[in-house]
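What follows is a short report on a single structure.
The values are calculated or read from the model by the stated rules, or taken from the named source; none is laboratory data. This one's a predicted model, so the numbers in the text were calculated from it and none came from an experiment. Reconstructed Cβ throughout: ideal geometry from the backbone, glycine too, with neighbour counts over all protein chains shown. Each accessible area value is taken on the protein alone, full model and side chains, heavy atoms only, with ligands, DNA and RNA left out. Shrake-Rupley method; radii C 1.70, N 1.55, O 1.52, S 1.80 Å.
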Amino acid sequence: MKKFNIRKVLDGLTAASSSSSSATAQPGTPRENDVVQETLQSEHFQLCKTVRHGFPYQPSSMAFDPVQKILAVGTQTGALRLFGRAGVECYCQHESGAAVIQLQFLINEGALVSALADDSIHLWNLRQKIPAILHSLKFNRERITYCHLPFQSKWLYIGSERGNIHIVNVESFTLSGYVIMWNKAIELSTKTHPGPVVHISDNPMDEGKLLIGFECGVVVLWDLKSKKADYRYNYDEAIHSVAWHHEGKQFVCSHSDGTLTTWNIRAPAKPAQIITPHGKQPKDGKKPEPCKPILKVEYKTTRAGDPFMVLSGGLSYDTVGRRACLTVMHGKSTAVLEMDYPIVDFITLCETPYPNDFQEPYAVVVLLEKDLVVIDLGQIGYPIFESPYPLSIHESPVTCCEYFADCPSELIPALYSVGSRQKRQGYSKKEWPISGGNWGQGTQTYPEIIITGHADGSIKFWDASALMLQVLYKLKTAKVFERARGKEEKPSTDIVDEDPFAIQTLFWCPESRMLCVAGVSAHVIIYRFSKQEATTEVVQLLEVRMQSEFSEADSPDPGGEQTPTLPTSAASSSPQEAEPPNQLTAGVNSSEGARDNIPCLQVRSSPLKQSPGYQVELVVQLVWVSGEPPQQITSLAVNSSFGLVVFGNSNGLAVVDYVQKTLLLNLGTSELYSPSDPCQRQPRSPRKPRQPSGGFCDSNDGSNNSEDRCKSPTSGSTSPCNSDDERKQNFIEKAKMSRKISSSGEQKLDLDVSAPDAEDRSHRWSPWLCKWPVGSMKNGKLAARMTRKLNVHKTKSDPHRYGKDNAFTRSRSSSVTSIDRESREAISSFYFCESFPRKSGSLASPCLLVGTTQGSVMMVALSLQPGGDQKLQQSLSFASCGTLVQLKGGILTMALLDAAGTMLPPSCEVWYDPNASDEEKEKEKTRRRRPATPPSSQEGQDSQFAVLCSEKQANVVAMPSQTSIYKHNITETSFVLRADVVQMAGAYCIACFCANGHIMTLSLPSLRPLLDINYLPLTDMRIARTFCFSNLGQALYLTSPTEIQRITYSQETCDNLQEMLSELFTPVETPEAPNRGFFKGLFGGGAQSLDREDLFGETTAGKASRSLAQHIPGPGSMEGMKGAASGVVGDLARARVALDERGQKLGELEERTAAMMASAESFSKHAHDMMVKYKDKKWYQL
């Protein structure tokens, strides 16, 4: 990509081939701008992150602003997540990536202080939509252990591992010269170090008294003015936390032995009370047995009743295996609330931000390792609030993800209506208490849906519109199967040790609402959407036997003949003679006891009650073959117009009619190739006959004649579909099969391939012609078997699971044998379309594009009559047209454009409710979408462009001439993980994400590079498995096991991002301070204030040592922003100074006004005297 920048200059011009792009036009084809007038330019693209959804990964700390009602969560990776009302979320990251050990809000000032494990503190400005760091302070000689910022104070107390306390001015982020040294805080007679500072807080009623807790169990009440300790409180057990009573006369400490000690501040000799909340009290009055440490305690008072004491930990040691608990002590009652995960931190939410007033707690926010729980303290039983945040993404690990932008508008209401019935009961009836911030005002109004597949077999639909995320509907695919209740009942046929129901890949058609999922146990489930409940008596099951075999003993014999293998008696075409499904699932064992014809999972036999939403239409399972497990499914596609689902793996592909529950086609990958195909990898030598291992077997009879085998690939057309029409028509006629369902519900398949034609077929079309598998339907269950013999190695596991983790570790040298290469070739992608299967064709017909992991793209012609009432009696035939094109790397995506460059989507039905009444179905049929009229092509003119993208290259092929007109090498040193053809600014382009972190877009059809940014190097296969692009410049990936990161590559979205993002800070009046009362004011009671500025300022305390800490101006400041002087607290301070100056000026103005009034009065008096003096005199007397 050396000349990428020059491309921007050449936009709109005829591009010549260059070293950066190998896009070349073939001789005789029109030039770039003559083919399609492209409108996309580099200026339409820009890459930036938008929002992050999900639960903060590895949380470590939490803080809450009780006035703004904003919650902040810090993580072990240095991330900050801020939450307000539903839809108000924000993500920011510390550059160092160190763990956040503590967070402190500057309450109602729109600022946040974070303390990190690398001994740095940072001030964040939350008044902007994307928070930024204003100041940073890095300590060099001290390790930070605890921070405390009093309400409405600008002085931050920082405790260290050495036991010292430093004080920082949060306006300028400079250290004060005032330091509390540990050796002055403890008694002089103490011979040991007290340990790190674990708690700092000021007395609620006296700001001049600071309570310092040391790890060893010593608590000191420090007088800030006199710079000495007033009282020292000693206890034998280590301290974990301290909490004040709001009157400032008592405090509670939690200890490592599970005890709580209550101290009166004026009685330091011994605790006023010692309790062990979860300890067993001995009858003889001895000390209770020690318990686990109480990690945190909070003491909150109420006006009308008993105080609340909330604590975490402290359970008895004999409760082995018990889950983490939160204990709520209120009066004489003690409630123990079990949590699903270990507790990281908790905060009690109170009505007032003032520590010297009755707290009136109303909720507890509990931060767990993998969840966030808010408990309602105001209702009996302490119910939890229903969370409005999308924090359940990781409820089961995400295994795949798909993103649909600008989907039909009626989908979200439909999914929400069925999903709302799935909500749990028993939540608190109160509103969510974390309610700060405001939504963005963006103009992005198109609907967006995200679908996530999970390890437990569940699928979740999410509403992702307007940069928000809300769960719409959850589907549990595991309900279809029987569950093993114990380890002893675990089936031995599992091909995965854990999560046998995990979703491997999924395909969703928004227009028809058809959903098809493939699981890791080699199963495919097809779902239809219905708004009505239904009960399925018997789940429709279709078992498919996909087999690839190669015998090393079978040496190639160019002159030999192959004897066709006759069907066994088990494969009778009569449904009555077919083996019942229950016998088939029991399996067939060979003489060695190998498993055979056994699926990995057992479909449930009892009736299945299906709620409104997605309901099972058909289950397809691959079965074991001669002791070999089925290969996992690597690709999947559905066409609702034809009623077909196609799936593929390393053995080949299978086509299933989900309307008739019939297996239509079961082909090995090599059978898609033409005998004269230059891309053919397999030696087409005949093989010796071999007995099938079981089930219904057929073989590829005969061999190619010498003339066909010796023909040069360039001497004729490169595809069998480009040969004479007679051969093509002959093949289609011989491959035709009738799909009919009789009135009795029994199925009959008529094979239209007769034995006398075998010789002719062996000379002409044997690589693509197969005997169709025989299906049988009995007692509502369906089973189909087919065994395929190919010259391929057996493989025990799928090397392409979850993407392309090993796709390019293999050698591509010529020394690799064709058999070895063939053994690794799997089906990687499908695309239904209406195109031209023949080079000389003028009328498009339904086709299926098939891409493989070796870079081959083959076309299969489908001959059928879709739609209408005759859908159950339509005819269908397949014809493989050989290789369309060969690219480097596995095929990732395919699409079709018309002559104007507009994408031609596969035809599909408009959704109708399968459980609706006949009248409603008739109404739906009148509005059902028909497949588009097949486009025609004039002789010698191309009317379509096939867009093909592999792990290495992109190619545009003109149809029907099948001429490669543009080709672009995407990467030489890496490989593409995900590629999609997407719509942008009214046009289409290819979006690619490479393993080296580059995100690129290429114009269509000319494949001009429009964007190339090194964004995110591949560090985890999770990213490769979940990264996906969508229309209108949207993309996402799973950035951690619990979080989805959304990004945009659209310039328009980047420009409007500020408007679209939510606001965290909203102007709110700070509540009034509590009234001191008449008697407290008269006798000097109530809270005592402290002039911290006078005490900690430079004039009194002096300057701190420069080597102690280093000040770093943040990127969000004004020097940047003038030396960080415009911090939020600095703004308030300057506002106060300006107000004082304004008051002084007003005072001076008042004095000047008074002087002018006095002067005016004097002038008035003199004027009056003059009037009296001269009023009686005539003019001539003056």
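Here are the numbers:
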{"item": "Those strands (runs of 3 or more DSSP E) lying entirely in the stretch 974-1062 with at least 2 residues open to solvent by less than 10 Å² (accessible area, probe 1.4 Å) and in contact with a Ser or Thr (Cβ under 8 Å, 6 or more places away or on another chain)", "result": "976-984, 987-994, 1009-1014, 1034-1040, 1043-1050"}
{"item": "Qualifying residue in the stretch 395-410 (condition: within 24 Å of residue 327 (Cα to Cα), over 21 Å from the mean Cα position of the chain (by Cα), among the small types (Gly, Ala, Ser) and assigned to a loop (DSSP other than H, G, I, E, B))", "result": "no"}
{"item": "Residue list for the stretch 403-459, restricted to those being of a type in the set (A, V, I, L, M) and closer than 30 Å to residue 351 by Cβ", "result": "434"}
{"item": "Cross-chain or 6+ apart pairs with Cβ under 7 Å, the stretch 221-240 first and within 15 Å of residue 157 (Cβ to Cβ), then open to solvent by less than 70 Å² (accessible area, probe 1.4 Å) and in a loop (DSSP other than H, G, I, E, B)", "result": "221/265; 224/1090"}
{"item": "Enumeration of residues in the stretch 1136-1182 that are modelled with pLDDT under 60 and hydrophobic (A, V, I, L, M, F, W, C)", "result": "1137, 1179, 1182"}
{"item": "Any hit, the stretch 110-124, residues being buried (at least 22 other Cβ atoms within 10 Å of the Cβ) and over 24 Å from residue 1109 (Cα atoms)", "result": "yes"}
{"item": "Qualifying residue in the stretch 313-321 (condition: modelled with pLDDT of 95 or more and either aliphatic (A, V, I, L, M) or touching a strand residue (DSSP E or B) at 6+ places or on another chain (Cβ under 7 Å) (or both))", "result": "no"}
{"item": "Residue within the stretch 109-128 that is in a loop (DSSP other than H, G, I, E, B) and among the β-branched types (Val, Ile, Thr) present", "result": "no"}
{"item": "Scope the stretch 414-426; condition closer than 16 Å to residue 470 by Cβ and open to solvent by less than 80 Å² (accessible area, probe 1.4 Å); matching residues", "result": "414, 415, 417, 418, 419, 420"}
{"item": "Some residue of the stretch 157-172 being open to solvent by 50 Å² or more (accessible area, probe 1.4 Å), free of Cβ contacts under 8 Å to residues at least 60 places away in the same chain and over 25 Å from residue 1071 (Cβ atoms)", "result": "yes"}
{"item": "Test result for residue 321, over 30 Å from residue 72 (Cα atoms) and not charged (D, E, K, R)", "result": "yes"}
{"item": "Odd one out for residue 919 among (1) surrounded by 13 or more Cβ atoms within 10 Å (Cβ to Cβ); (2) at pLDDT below 90", "result": "(1)"}
{"item": "Which listed residue, of 460, 429, 370, 423, is among the basic types (Lys, Arg) and under 30 Å from residue 1068 (Cβ atoms)", "result": "429"}
{"item": "Residue within the stretch 307-325 that is without any contact (Cβ under 8 Å) to a residue 12 or more places away in the chain, of a type in the set (Asp, Glu) and surrounded by fewer than 21 Cβ atoms within 10 Å (Cβ to Cβ) present", "result": "yes"}
{"item": "Counted residues, the stretch 616-636 - those being within 25 Å of the chain's Cα centre (by Cα) and surrounded by fewer than 22 Cβ atoms within 10 Å (Cβ to Cβ)", "result": "1"}
{"item": "Within the stretch 590-660, strands (runs of 3 or more DSSP E) holding 2 or more residues that are among the hydrophobic types (A, V, I, L, M, F, W, C) and at pLDDT 90 or above", "result": "613-622, 635-639, 644-648, 652-657"}
{"item": "Search result, residues across the stretch 279-292 that are open to solvent by 40 Å² or more (accessible area, probe 1.4 Å) and modelled with pLDDT of 85 or more", "result": "292"}
{"item": "Counted residues, the stretch 359-371 - those being farther than 16 Å from residue 300 by Cβ and surrounded by fewer than 21 Cβ atoms within 10 Å (Cβ to Cβ)", "result": "4"}
{"item": "Residue 478 being under 16 Å from the mean Cα position of the chain (by Cα) and open to solvent by less than 10 Å² (accessible area, probe 1.4 Å)", "result": "no"}
{"item": "Selection status of residue 698, of a type outside the set (A, V, I, L, M), buried (at least 23 other Cβ atoms within 10 Å of the Cβ) and either modelled with pLDDT of 90 or more or in contact with a strand residue (DSSP E or B) (Cβ under 9 Å, 6 or more places away or on another chain) (or both)", "result": "no"}
{"item": "Residue pairs meeting the criteria (Cβ under 6 Å; at least 6 apart or on separate chains; first assigned to a strand (DSSP E or B), in the stretch 80-107; second modelled with pLDDT of 95 or more and among the aromatic types (Phe, Trp, Tyr))", "result": "81/91; 89/83"}
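Per-residue answers, yes or no, for (1) charged (D, E, K, R); (2) at pLDDT below 95:
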{"position": "1043", "(1), (2)": "yes, no"}
{"position": "1057", "(1), (2)": "no, yes"}
{"position": "1069", "(1), (2)": "yes, yes"}
{"position": "1076", "(1), (2)": "yes, yes"}
{"position": "1089", "(1), (2)": "no, yes"}
{"position": "1096", "(1), (2)": "no, yes"}
{"position": "1116", "(1), (2)": "no, yes"}
{"position": "1127", "(1), (2)": "no, yes"}
